[in-house]
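Report on the following structure.
The values are calculated or read from the model by the stated rules, or taken from the named source; none is laboratory data. Remember, predicted model here, so these are calculated numbers, not experimental data. As a convention, Cβ positions derive from the backbone with ideal geometry for all residues, glycine included, and neighbour counts pool all protein chains shown.
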Amino acid sequence: MLIAILAIAALAVVMGVLLGYSALRFRVEGDPVADQIEAVLPQTQCAQCGYPGCRPYAEAVAKDDEAINKCVPGGEAVMLALADLLGRDPGEAGGIVEKPKCVAVIDDNECIGCTLCLQACPVDAIMGAAKQLHGIIASECTGCELCLKPCPVECIHMRPIETTVRTWKWPFPASQPARPTETLPQAKAA
Amino acid sequence: MTEYALILIGTVLVNNFVLVKFLGICPFLGVSKKLETAFGMGLATTFVITLSSVCAWLVNEYILAPLDIVYLSTIAFILVIASVVQFTETVMHKTSPVLYQLLGIFLPLITTNCAVLGVALLNLQEQRGLMESMVYGFGAGAGFSLVLILFAGVRERVTVSDVPEPFQGSAIALITAGLMSLAFMGFAGLVTQ
């Protein structure tokens, strides 16, 4: 009886030590899933998803099951890439609202040169100095609309970019996954 | 060598743990919604069954049998299996974090997969040697993976097909599983052991 108890206890202790060692040996630093999600995101740090940047959004998707369709600059391609990576259903959040690509423009007559929009711009696409007219570098502007709110005179407007031969670009990211249209279950709703 | 091949065919096809012996039905239905997850689950379970059947054999041979406490085999095997599963979980969290997240609760639940304990206990009952136990364990895992992957493939098709409303969801999955089980009965005469 005593031998049986001792033997099982010893076995349990040995297994416990082995598991403790393997937990140390294979310790996971940080959140590897969030890293992979962040690699898919376009890194514009535009905060249109409602998080302060791409990293916080990636962490929210990895941990709290945040919807995968909130990345506006990434659009449908990023949503499908995330669905593929995480094994989620791309249709679960009701698809993505594609907005026309916009660029911010400053109304020359109204700008007072307050520099507030410079501090708000995540990609430094606004040039200017105090009491000087500010200008927007259109090629850098991601259309995130973050500069609209700080402007005290509301002189910044969003202007949609027309797709012409000069402005057309390959969709981002370049490797767009195949659209799984035939696997979407809501297609046959009875 | 022929002997091992026969054990392998016998466990994978003829006496398949899921479809013929009806062990391990829970992950079979729970993780078969997507092909990739099923593949990962199959690999993890195969690894756990093979490793735990070897560990269980060693524990039985060098601890339980000499001390004459073979009647404690079930509790000792459960201890071994739980440790192996925990080890697999730790390693998988490190090596393949997305799969770790996809499998979720079903990964620790391999502990309660009755096929794992079933293999260890059957090995003890049939008094198999170390190599035989290992091959038997691997065969059981491979059979589980094969059936799980086949079933996941079928289920992916069933999801998009036009199923009558009362049969949708688990009902059609169970009917499919039953039909697959019937199909596997066709292997019954392949190896007689």
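For the stretch B:1-89, please list each of the helices (runs of 4 or more DSSP H) lying entirely inside it that holds at least 2 residues being buried (at least 18 other Cβ atoms within 10 Å of the Cβ), touching a His at 6+ places or on another chain (Cβ under 9 Å) and more than 10 Å from every other protein chain (Cβ to nearest Cβ).
Values: elements: B:2-9, B:25-30, B:35-59.
Correct list: empty, since no element meets the threshold.
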Worksheet, complete the sentence: Within the stretch A:142-161, residues being outside any loop (DSSP other than H, G, I, E, B) and within 17 Å of A:GLN45 (Cα to Cα) number 0
Practice prompt. For the stretch A:1-40, enumerate the residues that are within 37 Å of the chain's Cα centre (by Cα), part of a helix (DSSP H, G or I), at the interface with chain B (Cβ under 8 Å from one of its Cβ atoms) and under 20 Å from B:SER83 (Cα atoms).
Written response: A:LEU19, A:SER22, A:ALA23
Item to complete: Determine whether B:GLY153 is within 24 Å of B:GLU36 (Cβ to Cβ), more than 14 Å from chain A (Cβ to nearest Cβ) and either assigned to a helix (DSSP H, G or I) or among the acidic types (Asp, Glu) (or both).
Response: no
Worksheet item: If we keep just the residues of the stretch A:56-70 that are outside any loop (DSSP other than H, G, I, E, B) and of a type in the set (D, E, K, R), which is surrounded by the most Cβ atoms within 10 Å (Cβ to Cβ)?
Response: A:GLU59
Discussion item. Looking at the stretch B:103-114, can you tell me whether even one residue there is part of a helix (DSSP H, G or I), buried (at least 20 other Cβ atoms within 10 Å of the Cβ) and more than 14 Å from chain A (Cβ to nearest Cβ)?
Written reply: yes
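From the list A:GLY75, A:GLY87, A:GLY53, A:GLY20, pick out the single residue that is surrounded by 14 or more Cβ atoms within 10 Å (Cβ to Cβ) and farther than 30 Å from B:LYS33 by Cβ. Spell out the reasoning first.
On the way: A:GLY75 fails: farther than 30 Å from B:LYS33 by Cβ; A:GLY87 fails: farther than 30 Å from B:LYS33 by Cβ; A:GLY20 fails: surrounded by 14 or more Cβ atoms within 10 Å (Cβ to Cβ).
Within the list A:GLY75, A:GLY87, A:GLY53, A:GLY20, the selection yields A:GLY53.
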Worksheet item: Looking at A:PRO90, A:PRO73, A:PRO52, which is the one that is in contact with a helix residue (DSSP H, G or I) (Cβ under 9 Å, 6 or more places away or on another chain) and part of a loop (DSSP other than H, G, I, E, B)?
Response: A:PRO90
Response to the item:
Scanning the stretch B:82-115 for residues that are closer than 20 Å to B:PHE28 by Cβ and of a type in the set (S, T, N, Q) gives B:THR88, B:THR111, B:THR112, B:ASN113
Practice prompt. Would you tally the residues in the stretch A:119-138 being more than 16 Å from A:LYS149 (Cβ to Cβ), among the hydrophobic types (A, V, I, L, M, F, W, C) and in contact with a His (Cβ under 9 Å, 6 or more places away or on another chain)?
Written response: 1
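Can you confirm whether A:VAL165 is more than 30 Å from B:LEU35 (Cα to Cα), among the β-branched types (Val, Ile, Thr) and outside any loop (DSSP other than H, G, I, E, B)? Show your work before the answer.
Details: more than 30 Å from B:LEU35 (Cα to Cα): yes; among the β-branched types (Val, Ile, Thr): yes; outside any loop (DSSP other than H, G, I, E, B): no.
Taking the combined requirement at face value, the residue does not satisfy it.
Give the residue, chosen from B:VAL85, B:VAL91, that is of a type in the set (Val, Ile, Thr) and either touching a Leu at 6+ places or on another chain (Cβ under 8 Å) or at pLDDT 90 or above (or both). Spell out how you get there, then give the answer.
Details: B:VAL91 fails: either touching a Leu at 6+ places or on another chain (Cβ under 8 Å) or at pLDDT 90 or above (or both).
Answer to the selection: B:VAL85.
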